[in-house]
């Protein structure tokens with residue numbers, strides 16, 4: 001009985017310590033591997049004015065008030081631009097009824113998406129930090145350099161490819177079709193919605209890679225090292241972290257990705 005009480009006290013202490021580490025952001029040190037692995041995705045979010053967290057001096061922490069104000073300002077400007085586009089199209093006397101319905105739907109969907117982006121960059125920043133720190137614990141145990149390099153390279157390919165596609169498409173259609181200025185800037189700011197989809201795709205790929213590495217680790221231990229208590233205990237903790245990462249991923253990306261599918 002005394003042993004059970006002692007174990008329960010230790011469990012409560014570990015839970016309390018974990019909560020303290022989550023809230024005490026000064027202790028949230030980020031390894032260089034994780035920092036550079038996520039840098040392309042974080043840069044993309046920063047360029048589109050909706051960062052989910054900030055990393056300074058290798059410490060991850062929530063967005064500052066300045067970044068939140070920048071995101072709020074960008075949200076207001078983006079929504080204003082699309083509303084201006086909407087009323088400009090309505091001012092045309094020859095607009096078809098089907099085009100009118102599409103314009104209403106597109107404007108509402110885009111404005112709702114901007115609001116969701118802003119809300120998630122403010123209220124979900126803690127979940128984002130927990131996700132990154134959990135991935136870091138997993139990466140320290142499951143780290144394949146070839147898989148790591150491959151993931152970083154493809155992150156840059158996705159990010160650069162997205163911006164090249166948007167710039168090229170907007171430039172081509174603006175010149176060839178002689179589009180008005182409101183169509184040009186409203187097309188450019190659509191990129192902020194695709195950013196969430198790119199981040200969701202790449203982070204899901206990261207989780208899949210870690211799950212495969214964990215499975216390979218289990219197979220190697222069974223065939224080479226046998227069943228050692230310390231190794232098995234650590235492997236189980238990593239398994240729990242992988243499951244936790246999937247749950248946090250669903251919390252962070254379910255609504256933004258669903259909103260993207262609605263816009264499509």
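Here the condition is being more than 17 Å from residue 193 (Cβ to Cβ), within 19 Å of the chain's Cα centre (by Cα) and in contact (Cβ under 8 Å) with a residue 60 or more places away in the chain; of 147, 122, 132, it holds for 132 alone. On the stretch given as region 49-71, residues that are in contact with a strand residue (DSSP E or B) (Cβ under 8 Å, 6 or more places away or on another chain) and part of a helix (DSSP H, G or I) total 1.
Against the test of being out of contact with any strand residue (DSSP E or B) (no Cβ under 7 Å at 6 or more places or on another chain) and surrounded by 14 or more Cβ atoms within 10 Å (Cβ to Cβ), the options 167, 198, 160 yield a single qualifying residue, 198. Need pairs with beta-carbon distance below 6 Å; first residue on the phi < 0 side of the Ramachandran plot and assigned by TED's automatic domain parsing to the domain that holds residue 75 and within region 182-195, second at pLDDT below 75 and in a helix (DSSP H, G or I); sequence gap 6+ or separate chains. Correct list of pairs: 193/260. Looking at 107, 125, just one residue is surrounded by 14 or more Cβ atoms within 10 Å (Cβ to Cβ) and out of contact with any helix residue (DSSP H, G or I) (no Cβ under 7 Å at 6 or more places or on another chain), and that residue is 125. From the list 191, 218, 201, the lone residue that is at pLDDT below 90 and under 20 Å from the mean Cα position of the chain (by Cα) is 191.
The values are calculated or read from the model by the stated rules, or taken from the named source; none is laboratory data. Note that the structure is a prediction, hence the values are computed from the model and not measured. Cβ sites come from the backbone with ideal geometry, for glycine too, and all protein chains shown count toward neighbours.
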